[in-house]
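The structure appears right after this line, and notes come after that.
Bear in mind these aren't lab numbers, they're just calculated from the coordinates by the rules spelled out. All figures in this text were calculated on a predicted structure; none of them were measured in a lab. Please note: Cβ atoms are built from the backbone with ideal geometry, for glycine as well, and neighbour counts cover all protein chains shown.
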Amino acid sequence: MRYGIFSDVHGNLEAFQAVLEAYKKENIDTYLCAGDSVGYGANPGECLHLIRELKAQSVAGNHDWAVAGKLDCHYFNRAAQEAVFWTQHQISPEDRNFLSNLDLVYSHDDLILVHGTLYEPACFHYLVEREQADRIFHLMDRNICFIGHTHVPLVLVQDGEGRNILPDSKPSASGGRSKIELDSRPRYIVNVGSVGQPRDGNPSAAYGIYDSDARTFEIHRIAYDIETAQRKILEAGLPEFLAYRLRMGQ
Ligand SMILES: [Fe+2]
């Protein structure tokens, strides 16, 4: 089975269309979305439409729940809050219903999908410390846990001695792809990065491909029409910073 796994589209239609075009050449059987389909970008409704068209299995991100009115966004920064309020006025009742009904965790075959961390998934923690990875590994009843939320691609593996190590999995700054072979024994946490607002210094959209037969995972990067995405953000009256950061990949 070949899974197309992506996260954090954040209403960036230009980035999402580029990713979907690239996926067409990859013989994907099933699509998975690790959350945050809306917020920040100027086309939340269009992105949700495409996700439903793909029949992508999605889990809830903090922006999804904030827009649906299920999460208090007082702790969001000002630009993120403004984007939440703006998005609430853009989307249809059907979109709002879709966001509201997203589950926090999805498990299937050998994988788990969650936006932030497997423990306290409704708190949307950012996975930044080794101890957090240990807590996730401890809770995993499947081989691989796919996440998003930080907008930074990452692969963590729990080896035989229980250590977390980081394989060389970072794609080059110019884009391209990075492939790792997955062992069936240890557990993995894989952050698939962000389609619509990468924050690892590389502005290209990130998306993942997991081949459960070949036991490989790839993170791809693809350039997209950033200028149009920026222009739409500015024309919508969203905070300028949200347009600026797309070019920076931050
Ligand atoms: Fe996000």
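Just flag the GluC sites (Glu not before Pro) in region 121-161 sitting in loop per DSSP whose Cβ has no more than 12 other Cβ atoms within 10 Å.
In loop regions of region 121-161 (DSSP not H, G, I, E or B), the sparsely surrounded GluC sites (Glu not before Pro) are Glu129, Glu161.
So which trypsin sites (Lys or Arg not before Pro) in region 1-56 pass both tests, a DSSP loop state and at most 11 other Cβ atoms within 10 Å of the Cβ?
Answer in residue order: Lys55.
Could you order the peptides 13-19, 88-94 from most to least packed, using the average number of other C-beta atoms within 10 Å per residue?
13-19, 88-94
Taking θ as phi - 60°, what are the ³J(HN,Hα) couplings along region 240-250 by the Karplus curve (6.51, -1.76, 1.60), each to the nearest whole Hz, with x for Gly and Pro?
4, 4, 5, 6, 4, 5, 4, 5, 7, x, 9
Roughly how many Å is it from the Cα centre of region 25-55 to that of region 81-109, as a whole number?
Spelled out, the Cα-based centre of one part sits 12 Å from the other.
By how many degrees, between 0 and 90 and to the nearest 10, does the Cα long axis of helix 78-90 differ from the longest principal axis of the chain?
That helix lies at roughly 70 degrees to the long axis.
In Å and on Cα atoms, what radius of gyration and Dmax does region 2-248 show?
16.8, 53
DSSP beta bridges in region 2-248, what fraction antiparallel, as a percent rounded to 5? Walk me through the intermediate numbers first.
Working: 28 of 42 bridges.
Here the antiparallel bridges make up roughly 65 percent for region 2-248.
Can you list residues from other chains, or at least 5 along the same chain, whose modelled amide H is less than 5 Å from the amide H of Cys145?
Under 5 Å from the amide H of Cys145: Ile112, Tyr188, Ile189, Val190.
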